[in-house]
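The structure appears below as structure tokens.
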Amino acid sequence: QVQLVESGGGLVQPGGSLRLSCAASRSIFSIYNMGWYRQAPGKQRELVAGISSGGNPTYSASVKGRFTISRDNAKNTGYLQMTSLKPEDTAVYYCNAGGKYYGDTYPGAYWGQGTQVTVSS
């Protein structure tokens, strides 16, 4: 069992930046692929970015070039650096582990509780 805890969300103006963190409870985090999903009010949860256990990133078209996913396996922590934020990025962001985040994607069994990101002036 792996527990995931997100942090770093908040209110930011359009064009601003935030960095989300996802801390895992166990060192076996390093063997899992990791992804970030988001869910806006009234919309389905969508995959934003993923990173393989070896560190290869993938991004959705809506965030490519603005968001950067990374991980520090020594700290059992994943990150999502978000820049040039837009109002349409407003959502609850969820960390996920153990899924497949490229090609035919599917989420893994492990989810964090979510962190709210609000982009507004």
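Okay, here's what the table says:
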item: Identity of the residue in the range 1-32, among the polar types (S, T, N, Q) and at pLDDT below 95, that ends up least open to solvent (accessible area, probe 1.4 Å); result: SER30
item: THR83 β-branched (Val, Ile, Thr), surrounded by fewer than 17 Cβ atoms within 10 Å (Cβ to Cβ) and at pLDDT 95 or above; result: yes
item: Checking TYR93 against (1) crowded, with 17+ Cβ neighbours inside 10 Å; (2) farther than 20 Å from THR118 by Cα; (3) touching a Ser or Thr at 6+ places or on another chain (Cβ under 6 Å), the condition it does not meet; result: (2)
item: Of the criteria (1) within 12 Å of TYR93 (Cα to Cα); (2) surrounded by fewer than 17 Cβ atoms within 10 Å (Cβ to Cβ), which one LEU47 fails; result: (2)
item: Residue count, the range 50-79 (criterion: under 22 Å from GLN3 (Cα atoms), among the charged types (D, E, K, R) and open to solvent by less than 70 Å² (accessible area, probe 1.4 Å)); result: 2
item: Sole residue being among the hydroxyl-bearing types (Ser, Thr, Tyr), touching a Phe, Trp or Tyr at 6+ places or on another chain (Cβ under 8 Å) and open to solvent by 30 Å² or more (accessible area, probe 1.4 Å), chosen from TYR102, TYR110, TYR37; result: TYR110
item: Residue match in the range 25-37 (condition: in a strand (DSSP E or B) and free of Cβ contacts under 8 Å to residues at least 60 places away in the same chain); result: no
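One line per residue, one yes/no per condition, for (1) under 17 Å from ASN73 (Cα atoms); (2) within 16 Å of the chain's Cα centre (by Cα):
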residue: GLY10; (1), (2): no, yes
residue: GLN13; (1), (2): no, no
residue: SER21; (1), (2): yes, yes
residue: ARG38; (1), (2): no, yes
residue: ARG45; (1), (2): no, yes
residue: GLY50; (1), (2): yes, yes
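Table: residues versus (1) hydroxyl-bearing (Ser, Thr, Tyr); (2) part of a loop (DSSP other than H, G, I, E, B); (3) under 18 Å from GLY10 (Cα atoms).
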| site | (1), (2), (3) |
| --- | --- |
| ALA61 | no, yes, no |
| GLY65 | no, yes, no |
| ARG71 | no, no, no |
| LEU80 | no, no, yes |
| GLU88 | no, no, yes |
| ASN96 | no, no, no |
| GLY103 | no, yes, no |
| GLN113 | no, yes, yes |
| THR118 | yes, no, yes |
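The values are calculated or read from the model by the stated rules, or taken from the named source; none is laboratory data. Every value quoted in this text rests on a predicted model; they were computed, and no experiment measured them. Every residue, glycine among them, receives a Cβ derived from its backbone with ideal geometry; neighbour counts consider all protein chains shown. These area figures cover heavy atoms from the full protein model, side chains too; ligands, DNA and RNA do not enter into them. Shrake-Rupley method; radii C 1.70, N 1.55, O 1.52, S 1.80 Å.
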